[in-house]
Amino acid sequence: MATELKTFTDSQFIGKPVLADIEFIPHLEKINDFAATNGLKIFVTSSARPWGVPVGGAIVSPAKMSNHLIGHAIDMNIQIGGKLYTSNELGDFNSLPPPIKAFITTIRNHPVLRWGGDFGDPVHIDDGLNLHNPNLWKDKFPIIQSELTGLTQPGIRAVNSPRLLFLTTPLMKGDDIKVVQEKLIGKGFDLGITGADGFFGQATANAVIKFQDQEDLDPVDGIVGDKTKKALGL
Ligand SMILES: [Zn+2]
């Protein structure tokens, strides 16, 4: 078993950065392929989730062994032709435009992937690990949860921590974020009234995107990794 929390980005993924178990990444790559084939974008609203933290706006309460808790699930809206298809539209399969139907059908026909619309949750995709291998789910759960906690607890990350910094729910916190914010402010970016508070919130994400764009960094994704840190002079 390899269990490790990773970030995932790819050509068709927009919205919130995806956090996933390393063993779910090949499935996310497949989902990206299916989306590319059908010319649509996956607008992610949620991926790996800390246990017991309520999700804003969600109607469906997490199942006891939710695949979100081990980083094997995403919640998404689908964007095509400038229109965003959310829970209401995705729940009415027959009314969906053909490319979205084709995308969902490919997910349904995949030997492992599941579309949540088949169990009342049309924004959800996972690999059903909780059902077909509950013992592996139980092995992964404490590892992914401790990594998620490590990501979000205040002050536990040093200034030179190698982790990626980006917008999450709950917000990432730490001294490594504070030094990035101080550099951004030093370069004239506005972080709002909170300033360099060590929380990676929306204003910080917006400033990072502007900075990356200004510096011609690739990709412009609002995620602070080695390249962005170097460009900031860290
Ligand atoms: Zn879900």
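Is there a residue being in a helix (DSSP H, G or I), in contact (Cβ under 8 Å) with a residue 40 or more places away in the chain and of a type in the set (S, T, Y) anywhere in the stretch 82-105? Give the derivation first.
Kept after step one, since they are in a helix (DSSP H, G or I), are these residues of the stretch 82-105: 87-90, 93-95, 98-105.
Next, only the ones that are in contact (Cβ under 8 Å) with a residue 40 or more places away in the chain stay: 99-100, 102-103.
Retained after the next criterion (residues that are of a type in the set (S, T, Y)): none.
No, because not a single residue in the stretch 82-105 is in a helix (DSSP H, G or I), in contact (Cβ under 8 Å) with a residue 40 or more places away in the chain and of a type in the set (S, T, Y).
Is it the case, given these coordinates, that I125 is crowded, with 18+ Cβ neighbours inside 10 Å, at pLDDT 95 or above and away from the ligand (no atom under 11 Å from the Cβ)?
no
Name, by its number, the condition in (1) at pLDDT below 95; (2) among the charged types (D, E, K, R); (3) away from the ligand (no atom under 14 Å from the Cβ) that does not hold for R49.
(3)
Scan the stretch 14-35 for residues that are at pLDDT 95 or above, under 23 Å from G82 (Cβ atoms) and surrounded by 15 or more Cβ atoms within 10 Å (Cβ to Cβ) and jot them down.
Scanning the stretch 14-35 gives I31, N32, F34, A35.
Please tell me if Q145 is surrounded by 13 or more Cβ atoms within 10 Å (Cβ to Cβ), away from the ligand (no atom under 16 Å from the Cβ) and modelled with pLDDT under 95.
Spelling it out, Q145 is indeed surrounded by 13 or more Cβ atoms within 10 Å (Cβ to Cβ), away from the ligand (no atom under 16 Å from the Cβ) and modelled with pLDDT under 95.
Do we find a residue being in a loop (DSSP other than H, G, I, E, B), in contact with a Lys or Arg (Cβ under 8 Å, 6 or more places away or on another chain), surrounded by fewer than 20 Cβ atoms within 10 Å (Cβ to Cβ) and of a type outside the set (S, T, N, Q) anywhere in the stretch 165-177?
So far as the stretch 165-177 goes, yes, one or more of its residues are in a loop (DSSP other than H, G, I, E, B), in contact with a Lys or Arg (Cβ under 8 Å, 6 or more places away or on another chain), surrounded by fewer than 20 Cβ atoms within 10 Å (Cβ to Cβ) and of a type outside the set (S, T, N, Q).
The values are calculated or read from the model by the stated rules, or taken from the named source; none is laboratory data. All figures in this text were calculated on a predicted structure; none of them were measured in a lab. In this analysis, Cβ positions are derived from the backbone assuming ideal geometry, glycine residues included, and neighbour counts consider all displayed protein chains.
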